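None of the figures in this text is laboratory data; all of them are computed from the coordinates on show. This is a predicted model, so every value here is computed, not measured. Neighbour counts run over all protein chains shown; Cβ positions are idealised from the backbone, glycine included.
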Amino acid sequence: MTLWGGRFLEKSNQLFKKFNTSLLFDYILVKEDIIASIAWSKALMKSNILTKKEQEKIQTALFLLLSEIKNDKKDILMSGSEDIHSWVESRLIDQIGDLGKKLHTGRSRNDQITTDLKLWCKKKISLLLKNILALQKTFVLIAEHNYNVIMPGYTHLQRAQPITFAYWCLAYVEMLRRDVGRLEDAEKRLNTSPLGSGALAGTAWNIDREELAKSMGFASATRNGLDSVSDRDYVIELLSVASISMMHLSRFSEDLIFFNSGEANFIELSDNITSGSSLMPQKKNPDALELIRGKCGRVYGSLFSILTILKSLPLSYNKDMQEDKEGLFDTLQNWNICLCMAALILKNIKINRISCKKAAEKGYSNATEIADYLVKKGVTFREAHNIAGRLVLQAINEKKSLNNLNLSTFKLYSNLFEENIYENITLEACLTKRISKGGVAPEQVHQEIIKAKKRLHII
Ligand code: ARG
């Protein structure tokens, strides 16, 4: 039975029925719909719309329904209900008869759906926060274990200046830290209950909406019914937080795919997250990383989809908004999986410290140190930069690294160079000099690791 048959003389067209239903995806909200319905029944009792006995009967039936919900949702999907709200209500009426028909007093599916969706988001946010923290911890532990592995740092994918593997890990800890901040911020704003907003203009019954909100774990009730049933800002915010975080995971994937390439050979990915080729026996492909990178694209798609759906929609609820759910469900589920997958990949990588160091030694990544050396002796940075650049050219012509040029060659470019130039341009010197906050110096990285461990409760 539909929830709205009275005004209609004709039955729904079968194609329309299929087109209109949301049950195939909103069944995910079944628990939230039941929990919110129990809370609503209590609010109705407090306003004397239901007697205590009636409320108890409704509540018992709803709890029974909740306990009967299995992982396999086949019975829900096969029911032919229009959406999850109709399914819960019709199951309630099946169990307790006409009394079940009282539950919808003063409420609308418009406030119901957004309440259910917010409850579901809150549940997912706590799981996401847990998984982001777990990934941060993995990065910090890998940083600690590879604290003195020197590797090249890149700009424009050209070797730029030496860094350490630990420093690279801590860059991702920072990105994930901002993701946590954004997620917590989005959570604060979505933590208001729309229930009791009715279809759009509030409920005509004497409901204590603040008490109702708190009973479901919300911080407070929303302040305007028209806005409450129209608002999907929280969906947009979550999808944009997800997009940014997935972009971080995608850059992480790209970095590791490159580090794992035959050309770089900085790391080896574990067998348990790679796959082989059906044709080329030697292949070990970084599928897990490529999938993370690929899934980032569909998350962006969902963000653009909801932004486009809501653009120009008149207030308040419109059926277009039913299209908010699939992208959101898909995104939060995939984001969670990608966070877990990234941690799994990271935990099992082998770092090839010799190739990392060899690569750092090549590429003239200590050229800046030569310029800085001259600056310390009073040369302007621009002039020093030019001399160092010409020395790089000289080294390229001699097929040598800068460290292997003779002192007499250095002196051809400036007689300020002395024997101590060599100790100033070792890889270790490049690192240790960068001791100020945020720098790559091992001592500074070590302090950051300790701080991160404290913050993440690893120690
Ligand atoms: N299935 C709907 C949705 O997902 C629930 C709200 C329906 N409201 C309505 N007035 N038809 O948005």
Sequence-distant or interchain residues sharing an amide H contact under 5 Å with ALA160, placed H: which? GLY153, TYR154, THR155
3J(HN,Hα) from dihedral phi, region 97-110, Karplus parametrisation 6.51/-1.76/1.60, rounded to Hz, x for glycine, proline: x, 4, 4, x, 6, 7, 4, 7, 3, x, 10, 10, 5, 5
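Could you order the peptides 107-116, 57-66 from most to least packed, using the average number of other C-beta atoms within 10 Å per residue?
The packing order, highest mean first, is 107-116, 57-66.
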Order of 81-87, 303-309 by packing, highest average Cβ count within 10 Å first? 81-87, 303-309
Over the chain, the sum of -39500 (n - 2.57) across DSSP H runs of at least four, divided by residue number and rounded to 500 deg cm²/dmol, gives at 222 nm -19500 deg cm²/dmol
Order the peptides 381-393, 411-423 from the highest to the lowest mean number of other Cβ atoms within 10 Å of their residues. 381-393, 411-423
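Mind giving me the FRET efficiency for LYS350 and LYS319? R0 is 45 Å, r the Cβ-Cβ distance, nearest 0.05 is fine. Intermediate values should be presented prior to the final figure.
Values: r = 53 Å, r/R0 = 1.18.
Between LYS350 and LYS319 the formula returns 0.25.
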Can you give me the distance in nm between label points at SER47 and ILE435, each placed 7 Å from the Cα along the Cα-to-Cβ direction? 6.8
Above 22 angstrom, tally the Cα pairs of region 15-135 and express them as a % of all pairs, no decimals. 38
For MET247 paired with ASP98, estimate the spin-label separation in nm (one decimal), with each label point 7 Å from Cα along the Cα-to-Cβ line. 6.0
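Out of the trypsin sites (Lys or Arg not before Pro) in region 245-311, which ones are loop residues according to DSSP with at most 15 other C-beta atoms within 10 Å?
The qualifying sites are LYS283, LYS284, LYS311.
If N is the number of residues in region 73-186, what value comes out of its Cα radius of gyration divided by 2.2 N^0.38 Å? Intermediate values should be presented prior to the final figure.
Working: Rg = 25.0 Å, N = 114, 2.2 N^0.38 = 13.3 Å.
Here the Cα radius of gyration is 1.88 times the empirical estimate.
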Return the ratio Rg/(2.2 N^0.38 Å) for the chain, where Rg is computed over Cα atoms only. 1.35
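So how strong a dipole does the chain carry about its Cα centre when Lys and Arg Cβ are +1 and Asp and Glu Cβ are -1, to the nearest 20 debye? Intermediate results must be reported in sequence, preceding the final value.
Values: 63 positive and 52 negative charges, 81 e Å.
Dipole size: approximately 380 debye.
Just the number, please: Stokes-Einstein D of region 334-389 in µm²/s, Kirkwood Rh from C-alpha pairs, 20 °C, 1.002 mPa s. Walk me through the numbers before you get to the answer.
Values: Rh = 14.7 Å.
My calculation gives 146 µm²/s for D.
If r is the Cβ-Cβ distance from ALA134 to LEU3 and R0 is 56 Å, what FRET efficiency results, to the nearest 0.05?
On the way: r = 42 Å, r/R0 = 0.76.
Calculated transfer efficiency: 0.85.
Length gain on complete extension for the stretch GLU10 to GLU184, per 0.36 nm per residue less the alpha carbon to alpha carbon distance?
Working: separation 174, 0.36 × 174 = 62.64 nm, distance 4.86 nm.
Additional length available on full extension: 57.8 nm.
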Given region 307-459, what whole percent of its Cα pairs are spread farther than 23 Å? 62
Taking a crude spin-label model, label points 7 Å out from Cα along the C-beta direction, the ASN420 to THR21 distance in nm is 8.1
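Which of LYS73/LYS118; LYS376/LYS453; LYS31/LYS454 have a Cα-Cα distance over 25 Å? Don't skip to the answer; put the middle values down first.
Numbers: LYS73/LYS118 21 Å; LYS376/LYS453 37 Å; LYS31/LYS454 37 Å.
Over 25 Å apart, Cα to Cα: LYS376/LYS453; LYS31/LYS454.
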